[in-house]
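Undergrad: First, the structure itself, so that you have it in front of you.
The values are calculated or read from the model by the stated rules, or taken from the named source; none is laboratory data. What you see is a predicted model; the values in this text were computed from it and never measured. Virtual Cβ from ideal backbone geometry, glycine too; neighbours counted across all protein chains shown.
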Amino acid sequence: MPTVLRTMKAESAATGLRSILIATAVAGLLGYGIQLLAPALLPDGQAYVTFSMYWSTLYLCVAALSGVQQEVTRAAHPSTASATAPTIRSFALIIIAVVLAAVTAVAVSAGPVVFRGPTVALAVALGAGLVGYVLIAVLGGVLYGLHLWNAVAALTIIDVGIRAVLVLTAFLAGWSPEAVAFAVSLPFGLAFLLVWLWTRRRVVGAFRLDVRLGRLLANAAGTVTAAAAMGVMMNGMPLLLGVAAGDADEVVLAGLILTITLTRAPLVVPLLALQSFLISLFRGAGRAVTRRVLSALALAAVAVALLAGAAWLIGPWVIQSISRGQYEITPAMMATITASAGLVGMMCVTGPALVGRNRHVPYTAGWVIAAVLTVLALAAPLPFDARLTLALLAPPAIGLLVHVVAVWRHPEVDPAPLTAGGGSGR
């Protein structure tokens, strides 16, 4: 066994997969629990809308910045002859500077629209949270690159565990909106600090980066773009809805946000957790990839239709029960929101099929087109209900079509690993 592996005591892939899946499941359940408790424990619709829009804004940014972790993971390799500490440090500081500049620009130009509450305090909370997440993304990427799976799992568990305790305390104690925002944001930095203190000796001097700083930044920009588009479709809808709603009634808006939050999480999050598995499945499918994708989509379409029907029948009652009668939603809108979540989930099936076939350009294009069309639909000069219905259904359907056409047209793209100069990404 190479010395570097003995030094790092890298865990086996099987152990790592189990640890990460357990951590992901626990994190998902705790996050979903917070979303279920929020409408019942927050005092009114305005407080719930402020909380939901802040949560959506934060996690939309987190989804985008997950591209940073992806690129660091790709670039970091075990090595005892490493001199890349200045590079990774400079990379993190540049990303942090860009993030803080973006938060400041948003707060100054559109603060009252994005932050439905004390703008300065919420912007500071957002900045603090994103700085913490950048540190987590860089550290997590290095840990993935070194195959330190248990440390990756610990990073996830510690973050979400601290957040669950702080946010539940904030809800029960009736903290102000800005205090709740800090309770949501600060766990990123605290989790980074604790895991860094634990893993520092196993990380420092144990890895190298296969690219220089400029290329690392350029590659990260690409992964962040694709991740941001996915984040708009998965985490960003409450934020976009709050911005587009204008002077819509807070109770109606709260009901819509609650419904979108509760339907997208169980339909989309499990598929996100299976992305690597689906990539490996489709990568080895050869010419059968089209048949596998279409079969999966056919099954998904039947499931989505059944879920939308169930949502029509019992969804309004579920929303009333969870919110203790504060919020209502019509059966038609409930079914529409459920169908939209299903379409986004289906894109989480076609996406891995394209990545597994080295088709990164149409993969990214599908998500970017869907995200852009969502924003345009919500800004269209139509009544609010019509805009919302259009934004929920048309963009993911068109993004899904882009993916399906790309899979259909090139079913036998060589799935072999890319060489240094290979990969057309057609």
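Undergrad: Do we find a residue being part of a helix (DSSP H, G or I), farther than 28 Å from Val224 by Cβ, out of contact with any helix residue (DSSP H, G or I) (no Cβ under 9 Å at 6 or more places or on another chain) and of a type outside the set (Gly, Ala, Ser) anywhere in the stretch 300-313?
TA: Among the residues of the stretch 300-313, at least one is part of a helix (DSSP H, G or I), farther than 28 Å from Val224 by Cβ, out of contact with any helix residue (DSSP H, G or I) (no Cβ under 9 Å at 6 or more places or on another chain) and of a type outside the set (Gly, Ala, Ser), which makes the answer yes.
Undergrad: Also, quick follow-up: Given Ser52, Ser66, which one is small (Gly, Ala, Ser), in contact with a Pro (Cβ under 8 Å, 6 or more places away or on another chain) and under 28 Å from Thr104 (Cα atoms)?
TA: Within the list Ser52, Ser66, the selection yields Ser52.
Undergrad: Related question: Would you pick out the residues in the stretch 204-243 that are surrounded by fewer than 20 Cβ atoms within 10 Å (Cβ to Cβ) and either in a helix (DSSP H, G or I) or without any contact (Cβ under 8 Å) to a residue 40 or more places away in the chain (or both)?
TA: Leu213, Gly214, Arg215, Leu217, Ala218, Asn219, Ala221, Gly222, Thr225, Val243, listed by residue number.
Undergrad: May I ask you to say which residue of Leu41, Leu37 is surrounded by fewer than 17 Cβ atoms within 10 Å (Cβ to Cβ) and more than 19 Å from Thr119 (Cβ to Cβ)?
TA: On inspection, the qualifying residue turns out to be Leu37.
Undergrad: A further question on this structure: One residue is enough: does the stretch 64-73 have a residue meeting the conditions touching a residue at least 12 places away in the same chain (Cβ under 8 Å), surrounded by fewer than 22 Cβ atoms within 10 Å (Cβ to Cβ) and farther than 16 Å from Ala191 by Cβ?
TA: Yes, that holds for at least one residue.
Undergrad: Give just the number: which of (1) part of a loop (DSSP other than H, G, I, E, B); (2) at pLDDT 90 or above; (3) not aliphatic (A, V, I, L, M) does Gly425 not satisfy?
TA: So Gly425 meets the others, but not (2).
Undergrad: Could you figure out which of (1) more than 23 Å from Val49 (Cβ to Cβ); (2) in contact (Cβ under 8 Å) with a residue 24 or more places away in the chain isn't true of Asp385?
TA: (1)
Undergrad: Residues Ala179, Ala107, Ala101: which one is part of a helix (DSSP H, G or I), modelled with pLDDT of 95 or more and either surrounded by fewer than 17 Cβ atoms within 10 Å (Cβ to Cβ) or in contact with a Ser or Thr (Cβ under 8 Å, 6 or more places away or on another chain) (or both)?
TA: Only one candidate qualifies: Ala101.
Undergrad: Of everything in the stretch 50-98 that's of a type in the set (Ser, Thr, Tyr) and outside any helix (DSSP H, G or I), which residue is modelled with the lowest pLDDT?
TA: Only one residue tops the list, namely Ser82.
Undergrad: Every residue in the stretch 320-344 that is of a type in the set (Gly, Ala, Ser) and modelled with pLDDT of 90 or more, please.
TA: Result: Ala332, Ala335, Ala339, Ser340, Ala341, Gly342.
A quick yes/no check of all residues on (1) touching a Leu at 6+ places or on another chain (Cβ under 7 Å); (2) closer than 26 Å to Trp196 by Cα; (3) in contact (Cβ under 8 Å) with a residue 24 or more places away in the chain:
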residue	(1), (2), (3)
Gly141	no, yes, yes
Trp149	no, yes, yes
Ala154	no, yes, yes
Ala170	no, no, no
Gly174	no, no, yes
